[in-house]
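Below is one structure, written out as structure tokens, with a few remarks after it.
Values quoted throughout were computed directly from the atomic coordinates according to the rules given, and no laboratory measurement underlies them. On a predicted model such as this, the values are computed, not experimentally measured, just so you know. Reconstructed Cβ throughout: ideal geometry from the backbone, glycine too, with neighbour counts over all protein chains shown.
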Amino acid sequence: MDADDETSGPMIDEIYANGGGGDDGEKRSRRAIMSGDQLDIEAYAALYSGRTKIMRLLFIADKMSNAPTQLEALRMAYDEIKKGENTQLFREVVQKIDGRLGPNYGMDAAWCDAVDRRAEQKKEKLENELNAYRTNLIKESIRMGYNDFGDFYYAHGQLGEAFKNYVRTRDYCTTSKHIIHMCMSAILVSIEMGQFPHVTSYVSKAEQAPEALDAITVAKLRCAAGLANLEAKKYKLAARKFLETGPELGLHYNEVIAQQDVATYGGLCALATFDRAELKSKVIDNSNFRNFLELVPEVRELINDFYSSHYASCLEYLGNLKANLLLDIHLHDHVETLYDQIRHKALIQYTHPFVSVDLNMMANAFKTTVAGLEKELEALITDNQIQARIDSHNKILYARHADQRNATFQRVLETGREFDRDVRSMLLRSNLIKHDFNLRALRKL
Amino acid sequence: MDPLEALLAQIQGLSSTSSDINRLHTILKQADDSLRSESTRLSPILTQLDPSIHSLGFLYILEASMPAPVTKTQAETVVPIVTRFIGACSTEQIRLAPDKFLSVCRKLKDQVMLLEAPIRGVAPLFTALRKLQVSVEHLTPLHSDFLLLCLLAKCYKTGLSLLDDDVFEVDQPRDLFLYCYYGGMICIGQKRFQKALDLLHNVVTAPMSTINAIAVEAYKKYILVSLIRHGQFSTSLPKYSSSAAQRNLKNFCQPYVELANSYGTGKIAELEAYVKTNAEKFESDNNLGLVKQVVSSMYKRNIQRLTQTYLTLSLQDIATTVQLNSPKEAEMHVLQMVIQDGEIYATINQKDGMVRFLEDPEQYKTCEMIEHIDSSIQRIMALSRKLTAMDEQISCDQLYLSKAGRERQRYDFDDFDVPQKFNI
């Protein structure tokens, strides 16, 4: 895959190409759903369940410009919604389909009305039950009542109400199981609403529950925490959380996140923020996380490539994945930032071990032009991420280490000057104040 | 006898010993009004007095004989007399009547400006200043007049020599403001921007209950010099500046603050456009020249940033990065920065059109450097001693003790016992 070995071969022996000659194992396909190929919507949607499936399908439909896939996504969304009771989403989907899928996928007003009527009845029933429970003051029943209300509102897409009701159960929770149940429901609704600060607080609440949590719940909480951190742009924390997720997660959290997502999010965030030691210990040698990485072999390959300095292939994988990552509901607005960070880390890591680097060879390794590379390096140097200077004439990058002795002298002289200046102005000012004060005192006396 | 004749005799007689001089002083004070009324007849009397011996008498008569509004011809005759007097007078005698001396010198300044030859007043005022000063750290009102004349006469170097003295004792705050403001302008003229910044900083942060125009003008120049020297400007004044200044100075200097913001973005085209649109405002404050220097400093700063990133760079690339028009201009700029200002170290290879940036050759190993460090240490030690002395002085001050005594607990027996008379 890397051609730099061949081009530099005979001429200069002492210049070493960083990361030459890797091989690319053909371990693609099989369960590669998040791959470089066109996204297989059916397989993708099969990973999720519940409301998130619908939301993801709608998101893909919005982002896709390709009409057939868009219609495919909308069709699947329609089918999914019909299985539930959310008339609001139904109306939205119908509007988006706009009759393009034929008469079977048009506005089914009858269904809508039936669902709405059923909803009204159910709501009344629930209210009556709840009032009865409240008069009886049986804690457990009140809690169940509120829970049912929460579930009802969630099914109908009124997320705010659902959240309120789930939170109301807090006062009636007696065992830690109840508390955990409440937290999980609150987390689910918060994620759907996109209010991630709530997610963080409820995760910590759940983790503080007195009883030990079972492994699945722990894994779910870690994922939720990771998601919250991702949205808050705290990529390092997000990576840590995702990497700590145990393989027990399995398919249990389909209503929020799939295992492939854990691998992708965790892998990319780790790559963008961890240093080499952490990357090795927490990602590559992490046996738990390996299970997840098996599901997205491209991410696994690109992490390994980065670690072994095969930057060209790493960046190629990234490029391939990009199109599909932009369709992901949680990751899409972070893709650019993460990619930039990964690229910068690659550049810094490339130049780190050398005293001088030939920019032509480096440009080859990164499959970019020398001029573009120069601009990128300039930005990194100005940012003080690389300590080096560019010899633009010969196109070489020279490492430059700060001269501590000179720097110390300069600092000393500067501090002396500042002290001098400050004390002199202070003495002057105090003199003025004394003068002013004396005048006032004289006037008083 | 004619009272003036009597006075003259007394002056001539009583100018020898210090007790005589004190008597003379009292007599002169009493005779002051009568002298003023006879101002026209006084000039011939002056010729009979010797300024070096009869300084006090000469001073009184001279002061009385100089009416406030004066014509050019009168000025022509008076200026040499005053100049000679200042040069010859004795320091102890004039220190007995400092305000008279001040008013004489002020009038000299006015007359010299009227004659449009400010340079004639520079040397006399300098001598006068030194004679009036109690110590080198003392600021007299003459300092600001002297600096004003230096500015008008464009004798910046003389002014600069005065500015090298540190000032700690001040009679009137207004003197200080003017002194620092004019001093700042002189330093700007000599391109000693750091010193100008210090002086202007003193004006802007001085304690003042209400803002005055001097502070506003000083603040405008402060912004510009700070941009030239440091490349940045923070709009918040330090905590020790007066609250009046902190709140209000910015409002009077709005165009300048916006100029600083525009400089901060780093885009030269924007900066130049802003300067062009607001040129009349800058012009009316006589700051247009300084503003132009700000713009050119931006080019310099960009080139300086390049020295941090590149080892060698072609002139063409410098021109494009710094947004100059041609490699030739880039060459001119680099040359100027290297040779004139000593701000960067570089060599230009004209054959390839390449500039090679070098490191600062200062190795901090020479004798001069060690001497420099040593003298800085001595200087700072002297400053610390001064600070301690001032602290001791204040703690013995009556007003301070009375205030501290008042705030003490009434029944506190362990600490020092402040005598009753201080509990006002």
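Brief remarks on what is shown
- Length, then width, then depth: along the principal axes, the Cα atoms of region B:1-117 run 42, 30, 21 Å.
- Taking B:Ala404, B:Ala245, B:Ala382 as the candidate residues, the one with maximal mean-square fluctuation in a Gaussian network model of chain B, Cα springs under 10 Å, is B:Ala404.
- Legend: calculated FRET efficiency, B:Asn286 to A:His401, from the Cβ-Cβ distance at R0 = 60 Å, rounded to 0.05, equals 0.80.
- Principal-axis tilt of helix A:335-351 within chain A, Cα atoms, nearest 10 degrees: 30 degrees
- Short-range pairs are left out: with C-alpha atoms under 8 Å and at least six residues apart, the relative contact order of chain B is 7 percent.
- Surrounding net charge for B:His138, when Lys and Arg each add one and Asp and Glu each subtract one, Cβ distance under 10 Å: -4
- Ordering of B:235-244, A:149-158, A:284-293 by burial proxy (mean other Cβ atoms within 10 Å per residue, highest first): A:149-158, A:284-293, B:235-244
- Computed log₁₀ I(q)/I(0) - Debye formula, equal Cα scatterers, no solvent, region B:281-404, q 0.16, 0.21 Å⁻¹: -0.86, -1.10
- A Cβ-based charge dipole, computed about the Cα centre of region A:284-439 with Lys and Arg at +1 and Asp and Glu at -1, lands at about 740 debye.
- All-pairs Cα distance distribution in region B:260-305, expressed in whole percent, bin size 5 Å: 5, 22, 33, 24, 11, 4, 1
- Our analysis of region A:181-258 gives Rg over Rh at 0.93, with the two radii drawn from alpha carbon positions and Rh computed by the Kirkwood formula.
- Averaged over residues, the count of other Cβ atoms within 10 Å places the peptides B:183-196, A:179-192, A:316-329 in the sequence A:179-192, B:183-196, A:316-329, highest first.
- Cα gyration tensor shape of chain A, rounded if a/c is under 1.5, else prolate or oblate by comparing a/b with b/c: oblate
- Amide H contacts under 5 Å for A:Ser356, placed H, 5+ residues apart: A:Ala399
- Among the residues of B:307-315, the average count of other protein chain beta-carbon atoms within 10 Å of the residue beta-carbon is 6.
- Counting all C-alpha pairs of the protein assembly as shown, share separated by more than 45 Å (%): 57 percent
- Derived scalar couplings ³J(HN,Hα) [region A:104-114; Karplus, 6.51 cos²θ - 1.76 cosθ + 1.60; whole Hz; x for Gly, Pro]: 5, 10, x, 6, 9, 5, 4, 4, 4, 4, 4
- Sequence-distant aspartates and glutamates (8 or more away, or on other chains) whose Cα lies within less than 18 Å of B:Lys221: B:Asp198, B:Glu258, B:Glu280, B:Glu283, B:Asp285
- Candidate cross-link partners of B:Lys351 among the lysines, defined by an alpha-carbon separation under 22 Å and a same-chain spacing of 8 or more, comprise A:Lys395, B:Lys328.
- Residue-wise HN-Hα couplings along region A:271-284, as the Karplus relation 6.51 cos²θ - 1.76 cosθ + 1.60 with θ = phi - 60° gives them from phi, are 4, 6, 10, 7, 8, 4, 4, 5, 4, 5, 6, 8, 10, 6 Hz; Gly and Pro carry x.
- By the combined test of axial Cα extent (at least 27 Å) and Kyte-Doolittle hydropathy (mean at least -1.0), the qualifying DSSP H helices of chain B come to B:18-37, B:288-309, B:367-395.
- A simple charge model with +1 on the Cβ of Lys and Arg, -1 on the Cβ of Asp and Glu and nothing else charged puts the dipole of the protein assembly as shown at about 2400 debye relative to its Cα centre.
- Along the axis of the charge dipole computed for region B:1-117 (Cβ charges of +1 for Lys and Arg, -1 for Asp and Glu, origin at the Cα centre), the listed residues B:Ile53, B:Asn22, B:Ser103 are led at the positive end by B:Ser103.
- Sequence-separation-based contact order of chain A, relative, with Cα cut under 8 Å and 6+ spacing, percent: 14 percent
- Cα-based values for chain B, radius of gyration first and Dmax second, are 28.4, 94 Å.
- Nearby lysines by direct alpha-carbon distance to B:Lys267 (threshold 17 angstrom, same-chain neighbours under 8 apart not counted): B:Lys276, B:Lys292, B:Lys300
- Taken residue by residue and averaged, Cβ atoms of other chains lying within 10 Å of the Cβ of B:187-199 number 1.
- Charge dipole of region B:316-357 (Cα centre as origin; +1 on each Lys and Arg Cβ, -1 on each Asp and Glu Cβ, all else neutral): 140 debye, rounded to the nearest 20.
- For A:Leu249, net neighbour charge (Lys/Arg +1, Asp/Glu -1) across residues whose Cβ lies under 13 Å away: -2
- Kirkwood hydrodynamic radius computed over region B:133-304 comes to 16.6 Å, based on all pairs of distinct alpha carbons.
- Among A:Cys269, B:Cys367, A:Cys173, B:Cys105, a tally of other beta-carbon atoms within 10 Å of each Cβ gives an order, fewest to most, of B:Cys367, A:Cys173, B:Cys105, A:Cys269.
- Averaged over the residues of peptide A:387-400, the number of Cβ atoms from other protein chains lying within 10 Å of each residue's Cβ is 4.
- Farthest toward positive dipole pole in the protein assembly as shown [+1 Lys/Arg, -1 Asp/Glu at C-beta], among B:Val167, A:Pro297, A:Cys314: B:Val167
- Taking only Cα atoms of region B:316-357, radius of gyration then Dmax in Å: 9.7, 25
- Subset of A:Lys234/A:Lys375; A:Lys139/A:Lys236; B:Lys131/B:Lys281; B:Lys100/B:Lys195; A:Lys220/A:Lys282 violating a 31 Å alpha-carbon distance limit: A:Lys139/A:Lys236; B:Lys131/B:Lys281; B:Lys100/B:Lys195
- Sparse-neighbourhood loop sites, GluC sites (Glu not before Pro) in region A:46-154 - DSSP loop, at most 14 other Cβ within 10 angstrom: none
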